[in-house]
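Report on the structure given below.
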């Protein structure tokens, strides 16, 4: 039997799967439900210092290659979100708090609140491709990534995981900048900036015009990013983007990921996706004679 337990920067996980930020993570009840369905940890919706409505509809469109969204980071604000975090934690969930802001001070403030609420780690959404002033600009400047990472690292005692953008020339250099600033791990990747147009009405489908593409189409991009980052840093990497099967998960693991996040696949596979992914991955590892997920991390580099 394959050992699925994993430790990521001191965060002990019963298995290497996580709920990705942006899916079924707006309430404590939904976070707890996903954890009970099999996820090793759950990442909250990205929460900012103040309430935010987000963009007008349409905000989501399903494509052949995945999901395109521009919801605009709607959230109740860090103060109101306390009850949701505590509900999930009280139910026994392992919770990672995702935060965003317009500058280092706001990131640090939100991260500190998440720590006060009891989360086991914080994820820094540095790379939202469609929220003006809250991700795109930060994601494209390594010094901004480093500044925010350091501010949060100095403010909290829990592990800090910056989430990086694939919409840059060399994502590994950004990971190095984050590591030097004190990051305990790297999350890669966020969605890919993309667009859909409706020929019938001669206009973009999304109200925001541009959105973030997730799902199967971006998995090869994510795997390449994780592979490059793993070779460049000495901190754990968490892979995100298009994980729907055990084989998908092992692509990321063998590229260097210590854990993988699952999001878009929940639309087609439901909450059973976590256990199905783990079962499929375990079967492949058994066939390969690999006794634990830990032994498979970075195997493609060998």
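Observations on the structure shown:
- Screening 21, 30 for residues that are assigned to a loop (DSSP other than H, G, I, E, B), modelled with pLDDT of 95 or more and either on the phi < 0 side of the Ramachandran plot or surrounded by 20 or more Cβ atoms within 10 Å (Cβ to Cβ) (or both) leaves exactly one candidate, 21.
- Against the conditions (1) out of contact with any strand residue (DSSP E or B) (no Cβ under 8 Å at 6 or more places or on another chain); (2) surrounded by fewer than 24 Cβ atoms within 10 Å (Cβ to Cβ); (3) modelled with pLDDT under 95, residue 139 satisfies every one except (2).
- Considering the range 246-292, the qualifying helices (runs of 4 or more DSSP H), each wholly inside and each with 1 or more residues that are more than 25 Å from residue 235 (Cα to Cα), over 18 Å from the mean Cα position of the chain (by Cα) and touching a residue at least 24 places away in the same chain (Cβ under 8 Å), run over 266-269, 273-288.
- For the range 158-180, the set of residues classified as outside any helix (DSSP H, G or I), farther than 17 Å from residue 11 by Cβ and touching a strand residue (DSSP E or B) at 6+ places or on another chain (Cβ under 7 Å) consists of 164, 166, 167, listed by residue number.
- Looking across the range 293-302 at every residue that is touching a helix residue (DSSP H, G or I) at 6+ places or on another chain (Cβ under 9 Å) and in contact (Cβ under 8 Å) with a residue 24 or more places away in the chain, the one that is nearest to residue 230 (Cα to Cα) is identified as 298.
- Among the residues of the range 209-234, those that are surrounded by 21 or more Cβ atoms within 10 Å (Cβ to Cβ) and farther than 29 Å from residue 279 by Cβ comprise 211, 212.
- Scanning the range 44-74 for residues that are within 17 Å of the chain's Cα centre (by Cα) and more than 23 Å from residue 195 (Cα to Cα) yields 44, 47, 48.
- Criterion violated by residue 264 - all others in (1) at pLDDT below 95; (2) under 21 Å from residue 41 (Cβ atoms) satisfied: (1)
- Boolean, residue 188 is surrounded by 20 or more Cβ atoms within 10 Å (Cβ to Cβ), in contact with a strand residue (DSSP E or B) (Cβ under 9 Å, 6 or more places away or on another chain) and more than 26 Å from residue 72 (Cβ to Cβ): no
- Test for residue 271: is it under 24 Å from residue 70 (Cα atoms), surrounded by fewer than 23 Cβ atoms within 10 Å (Cβ to Cβ) and modelled with pLDDT of 95 or more: yes
The values are calculated or read from the model by the stated rules, or taken from the named source; none is laboratory data. On a predicted model such as this, the values are computed, not experimentally measured, just so you know. When we count neighbours, we look across all protein chains shown, and the Cβ atoms used for this are built from the backbone with ideal geometry, even at glycine.
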